[in-house]
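Undergrad: Pasting a structure here, questions to come.
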Amino acid sequence: MEKTRANIARKTALVVHPDIEALTVFQGALKQNGIQTILARDLPTALLAITQHYFDVAIVSSRISDEGDGWALAGVLRMAFPQSHISVIAPQTGVLELKSAINHGISSIHEHSTSPEEVVTSALATSPAHVQ
């Protein structure tokens, strides 16, 4: 069967961050790239979204409600979506953060100072090619 625009699935992203302003900025950057975005401000909402959607891209804050809980969520995302691009936003990218990224199978790590547009561009450059 020939692929048409109607039967090609849109890419979907999950953004998990406790700050509503940050969520809004990430959503805008993803929308500009034609990515459907699901937003979550806490772990229960993120876990519910994981059970209801397939995610090509996930962008997670390293701190959602407690320090470091974003790393565990990113690890869950890696297990649930092994081919997806998983990015973590951390306060810094020192040795401990890089170790956590490796241990949790993270695709990329970005400092808080990195612009959402840069994070999105990086994620889309290496995400699965479900959409041509």
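A short reminder: the numbers here are calculations on the coordinates, not readings from a lab. Fair warning: this is a prediction, and the values are worked out from it, not measured in the lab. Because the Cβ atoms are built from the backbone with ideal geometry, glycine has one as well, and the counts that use them run over all protein chains shown.
Undergrad: Mind listing whichever residues of the stretch 77-96 are in contact (Cβ under 8 Å) with a residue 40 or more places away in the chain and touching a strand residue (DSSP E or B) at 6+ places or on another chain (Cβ under 9 Å)?
TA: First, the residues of the stretch 77-96 that are in contact (Cβ under 8 Å) with a residue 40 or more places away in the chain: 77, 83-85, 89.
Those that are in contact (Cβ under 8 Å) with a residue 40 or more places away in the chain and touching a strand residue (DSSP E or B) at 6+ places or on another chain (Cβ under 9 Å): Leu77, Ser84, His85, Ile89.
Undergrad: Right, another one. Can you find a residue that is closer than 17 Å to Val119 by Cβ and under 14 Å from the mean Cα position of the chain (by Cα) anywhere in the stretch 4-12?
TA: Going through the stretch 4-12, the residues closer than 17 Å to Val119 by Cβ turn out to be 11-12.
Next, only the ones that are under 14 Å from the mean Cα position of the chain (by Cα) stay: 11-12.
Among the residues of the stretch 4-12, at least one is closer than 17 Å to Val119 by Cβ and under 14 Å from the mean Cα position of the chain (by Cα), which makes the answer yes.
Undergrad: Could you grab the pairs with beta carbons closer than 7 Å, sequence gap of 6+ or different chains, first residue in the stretch 61-76 and farther than 20 Å from Thr51 by Cα and touching a residue at least 24 places away in the same chain (Cβ under 8 Å), second one aromatic (Phe, Trp, Tyr) and in a helix (DSSP H, G or I)?
TA: Ser62/Trp71
Undergrad: While we're on this one: Determine if the stretch 60-75 includes at least one residue that is closer than 17 Å to Thr24 by Cα and either part of a strand (DSSP E or B) or of a type outside the set (A, V, I, L, M) (or both).
TA: Yes, there is a match, as at least one residue in the stretch 60-75 is closer than 17 Å to Thr24 by Cα and either part of a strand (DSSP E or B) or of a type outside the set (A, V, I, L, M) (or both).
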